[in-house]
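Working notes, structure below.
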Amino acid sequence: MGIPRGRRRLAMAVVALLATVAVVVIGYRVLAPAEVSTVARAEYPPAAQPAAGVVGRLPVAPLIVDGRLRVYAAHRQVYADRPVDGRYRTSPYWSYRRWPAELTGVVASGSTVVSRWSDGRLVALDAPTGRVLWRADGPEPVQSAAVVRRTGAATVWDPRGLHLTDLPDRRTVVVVSGDTEARGVEVSGGRQLWRVDLPGGCRSDVGTTASGRLIGLDRCAGPATVEFRDAATGAVRERWRPPGGSDELVVTPLGCRTGRSDCPALRTAGPGDAAGRGWLLGAGEPVAAPALDPAGAAVVGERAVVVLDGVAVGRSARTGAELWRAADLGAVRVLAAQPGRVHLLTETNELVTLDPATGGQLSRFSLNVGRDGTGWAPGAVGAGGGFVAVERLRRPVDPDGDDKRYYLTAEAVILAAT
C-alpha cells in the first residue's frame, strides 16, 4: 500500500526545507566573519644572544619582537615562531587568524603586537601568550596597487598608514589612517584618544617622529606642505615648507626605529634634486642637518653616517662635525641602521656592522647560507633587536616578475645576528 499523494508531497517539502536549512547553516559557518586564536602552549622563550653571523634562512619576513619571537604576516593571519635565532621557520608558537578580512599591517611595541586588517579593525596581541589584548575600530586602509609579495615584508617592515610613536608622558600611541580619516589609539588598553577627518587622496602620511607627532604631506591647497599632527590629540601643530622648496615635494623619513615609526629626521627633495636636504625633527620646526643631505645617509640618534668614495664617515647630525672615518672597507653602501648599529653591504654581499658613535667594527661576515652563494641583489631589509633580515632577489632583478622569478630561492630571506 503506497503513501497517499498528499503525505508524499508534505514529506518532500519537509526534506527540501531541511536541505535548505542545512545549506544555509553550512554557508553561514563557511562565509560568516570569524576569528581563530591559537594561543601559546609553551613557556615564553628567553631573549637570545647569538654570536655574530648568519642565523638562517626563512620563506617570510620576520618582525623581531621583544628580542624573543619572530612574528610573520600571511594573507589572513599573523603568527609567531621561536626561537628568535632559529635556523628555519618552525611550527607557530601562537597564531591569530581572521576571515574574510585580510591582514594589511603589523607593528610591535615591547611585548604588544598590533595588527591591522582590511576592514579597518585593529587587534592587539600579547606576544608572550598570543592572547587578544584588545580590539578597536579604525579607518579602512587606502587601497594600493602595489604587488603584495609572498614574504610579507611590506606588511611587517613598512606598513603604510600604521605607525607607532611615544608621547612625552611615556605613553605609546598607534596612529592609523585611511583615505579620509585618522585615529590615535593607546597601545596600552586600546583606548581611542582622537579621531579626525582627512581631505582624501591629496594628503598622505609620511611617518611619525620620535617626539610624538604624525608627519603628513598635504598637496590639497597650493604647494605641497609638511604638517605635524600631535599624536596625543590629533591637532595639527605646525605646517612647514623647506625654504626654497619645490611645489612638488618628496618627503622621506630617516632613522626610524622600525618602518616609518619614531623617526628623528627626514629628507626633502623636489624634481631634479637628486640628493635633497636633511632635517632633524624635534618639538618645533625641522632644523637643517647638512650631514644628512647626501643620498644614502643614515642617522642613528644624533649621528649621521654616509659613505663617501668608499669611506664610511660619521658626523654629528646637528653640527656636521666629523667624528670618525672607517676606511679599507671596500666598495660599500649603507644598508640599514638600528640603535647602536649601522649596517653596510659590500659588492660581494658581506655585511659590515659599525658602531655609529665610534666607527668601530662590530662584525663582518658573508651573507651566505648553505649552498645559496652571494650572487643575489638585496631587496627589502628589516633591522631590529641586533638582527638584520634581507630579501635576496634573483639577478637581474625583474620588478614585474612573479615571485618565482623575483626571489632567489623559496627561502628568500636571510637572517643574521650582528
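The values are calculated or read from the model by the stated rules, or taken from the named source; none is laboratory data. Computed from a predicted structure; not experimentally measured. Don't worry about glycine lacking a Cβ; one is built from the backbone with ideal geometry, like all the others, and counts go over all protein chains shown. Each accessible area value is taken on the protein alone, full model and side chains, heavy atoms only, with ligands, DNA and RNA left out. Shrake-Rupley method; radii C 1.70, N 1.55, O 1.52, S 1.80 Å.
Assorted remarks:
- Top-ranked residue in the range 396-415 [being open to solvent by less than 40 Å² (accessible area, probe 1.4 Å) and small (Gly, Ala, Ser); ranked as nearest to the chain's Cα centre (by Cα)]: 412
- Among the residues of the range 307-322, those that are in a strand (DSSP E or B) and either more than 20 Å from residue 361 (Cβ to Cβ) or out of contact with any strand residue (DSSP E or B) (no Cβ under 8 Å at 6 or more places or on another chain) (or both) comprise 308, 316.
- Residue match in the range 310-320 (condition: at pLDDT below 95, more than 22 Å from residue 416 (Cα to Cα), surrounded by fewer than 20 Cβ atoms within 10 Å (Cβ to Cβ) and within 25 Å of the chain's Cα centre (by Cα)): no
Let's see how each residue does on (1) under 14 Å from residue 165 (Cα atoms); (2) at pLDDT 95 or above; (3) touching a Ser or Thr at 6+ places or on another chain (Cβ under 7 Å):
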{"residue": "232", "(1), (2), (3)": "yes, yes, no"}
{"residue": "235", "(1), (2), (3)": "no, yes, no"}
{"residue": "243", "(1), (2), (3)": "no, no, no"}
{"residue": "248", "(1), (2), (3)": "no, no, no"}
{"residue": "258", "(1), (2), (3)": "yes, no, no"}
{"residue": "261", "(1), (2), (3)": "yes, yes, yes"}
{"residue": "274", "(1), (2), (3)": "no, no, no"}
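- Conditions (1) assigned to a strand (DSSP E or B); (2) open to solvent by 30 Å² or more (accessible area, probe 1.4 Å); number of the one not met by residue 244: (1)
- With respect to being among the acidic types (Asp, Glu) and over 21 Å from the mean Cα position of the chain (by Cα), residue 169 fits the description.
- Subset of the range 330-365 [touching a Ser or Thr at 6+ places or on another chain (Cβ under 6 Å), more than 25 Å from residue 66 (Cα to Cα) and either assigned to a strand (DSSP E or B) or without any contact (Cβ under 8 Å) to a residue 12 or more places away in the chain (or both)]: 332, 350
- Failed criterion for residue 393 (all others in (1) out of contact with any helix residue (DSSP H, G or I) (no Cβ under 8 Å at 6 or more places or on another chain); (2) surrounded by 14 or more Cβ atoms within 10 Å (Cβ to Cβ) hold): (1)
- Of all the residues in the range 259-293, those that are open to solvent by 40 Å² or more (accessible area, probe 1.4 Å), out of contact with any His (no Cβ under 8 Å at 6 or more places or on another chain) and either within 25 Å of residue 231 (Cβ to Cβ) or of a type outside the set (A, V, I, L, M) (or both) number 10.
Each row is one residue, and each column tells you yes or no for (1) touching a Lys or Arg at 6+ places or on another chain (Cβ under 9 Å); (2) more than 15 Å from residue 358 (Cα to Cα).
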site	(1), (2)
291	yes, yes
297	yes, yes
301	no, no
315	yes, no
327	no, no
334	no, yes
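- Residue ID - most open to solvent (accessible area, probe 1.4 Å), chosen from residues in the range 58-84 that are assigned to a loop (DSSP other than H, G, I, E, B) and under 19 Å from residue 151 (Cβ atoms): 75
- Residue that is surrounded by the most Cβ atoms within 10 Å (Cβ to Cβ) [pool: residues in the range 209-227 that are free of Cβ contacts under 8 Å to residues at least 40 places away in the same chain and part of a strand (DSSP E or B)]: 216
- Any chance residue 304 is small (Gly, Ala, Ser), part of a strand (DSSP E or B), open to solvent by less than 40 Å² (accessible area, probe 1.4 Å) and farther than 21 Å from residue 52 by Cβ: yes
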